[in-house]
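Novice: This structure is in structure tokens; I'll ask about it shortly.
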């Protein structure tokens with residue numbers, strides 16, 4: 001029904017101050033406006049495009065619809081590829097409800 005694709009771990013020398021692609025990290029969703037870049041050409045599964053469903057899972061967690069340009073992503077993010085029988089926005093709501101339940105259980 002859904003495939004969760006883990007992002008890539010980057011070596012420090014692969015993270016640049018400027019380059020062809022931004023490298024999306026968990027902090028870019030929440031508090032960090034600074035970006036690393038990369039000139040790596042990777043397999044399609046390591047790119048996130050506008051409208052893709054992703055899930056951050058380190059330090060802070062939760063689902064997101066990516067609203068930016070094409071980026072490559074860090075390994076603390078899952079890209080979620082859905083089968084044709086799953087609607088993206090419905091899946092987002094399910095994942096948001098699951099996140100809320102986990103947070104309630106932790107209290």
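Novice: Select one label from (i) 14.3, 43; (ii) 12.8, 37; (iii) 13.6, 47: the one whose number is Rg and Dmax of the Cα atoms in Å as derived from the coordinates shown.
Specialist: The value matching this structure is (i).
Novice: In degrees between 0 and 90, to the nearest 10, how far off the longest principal axis of the chain does helix 88-106 point, with axes built from Cα atoms?
Specialist: 80 degrees
Novice: Further, regarding this structure: For a label point 7 Å from the Cα of residue 90 along Cα→C-beta, name the residues of segment 2-39 whose backbone N is under 16 Å from it.
Specialist: Correct set: 2-3.
Novice: Per DSSP H run of n ≥ 4, the term is -39500 (n - 2.57); total these for the chain, divide by its residue number, and report the mean residue ellipticity at 222 nm rounded to 500 deg cm²/dmol. Mind showing how you got there, number by number?
Specialist: Details: 2 runs with 23 residues, N = 107.
Mean residue ellipticity at 222 nm (helix-derived): -6500 deg cm²/dmol.
A short reminder: the numbers here are calculations on the coordinates, not readings from a lab. Remember, predicted model here, so these are calculated numbers, not experimental data. Here the Cβ is made from the backbone with ideal geometry for all residues, glycine too, and neighbour counts use every protein chain on show.
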